[in-house]
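Contents: one structure, followed by commentary.
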Amino acid sequence: MKAVKRLEIVVDEAELPRLLAALDSAGVAGYTVLRDAQGKGRRGRRGGDGLSGEFSNGVVIIAAPADDARRIVDLVRPILVRHGGVALLSDAEWVVH
């Protein structure tokens, strides 16, 4: 196994293209996108209740070395400040196969 940082970023689904473009332009090697995430936060319950997807969240999961993860956090923070969302950074182990 390999020690990595796991970064989970939750944003309005409408902000996903902006977030993914920022990750791509910064050279992030890979990520997983989960659409229509549901939950509850400061703005109340969120989920795919609207026809347009305006009340949906998206989750981006990234596994990266510690230095890269901190750089990604610095990249994502302005998007979260401007558009809302949450980011979680935790220790993880990559199962090398």
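The values are calculated or read from the model by the stated rules, or taken from the named source; none is laboratory data. Just so we're clear, the structure is a prediction, and the values are computed from it rather than from any experiment. Methodologically, a virtual Cβ is constructed for each residue, glycine included, from the backbone with ideal geometry; neighbour enumeration extends over all protein chains shown. Heavy atoms of the whole protein, side chains included, go into the accessibility calculation; ligands, DNA and RNA do not. Shrake-Rupley method; radii C 1.70, N 1.55, O 1.52, S 1.80 Å.
Estimated from the Cβ-Cβ distance and a Förster radius of 25 angstrom, the FRET efficiency linking V81 and D36 is about 0.55. The relative contact order of the chain, computed from alpha carbon pairs under 8 Å that lie at least 6 residues apart in sequence, is 49 percent.
The fraction of accessible area contributed by carbon and sulfur in the chain is 53 percent, rounded to a whole number (1.4 Å probe; ligands and nucleic acids excluded).
A straight chain from V95 to A66 at 0.36 nm per residue would run longer than the Cα-Cα distance by 8.8 nm. In the chain, a dipole from Cβ-located charges (positive for Lys and Arg, negative for Asp and Glu) runs towards its positive end, and of H83, A64, A22 it is H83 whose Cα lies farthest in that direction.
In plain terms, the chain from L20 to E8 could stretch by 3.0 nm, reckoned as 0.36 nm per residue minus the Cα-Cα distance. Cα convex hull, the chain: 103 Å³ per residue, rounded to a whole number.
To the nearest 20 debye, what charge dipole does the chain have about its Cα centre, counting +1 at the Cβ of each Lys and Arg and -1 at the Cβ of each Asp and Glu?
Working: 14 positive and 13 negative charges, 61 e Å.
Its charge dipole is roughly 300 debye.
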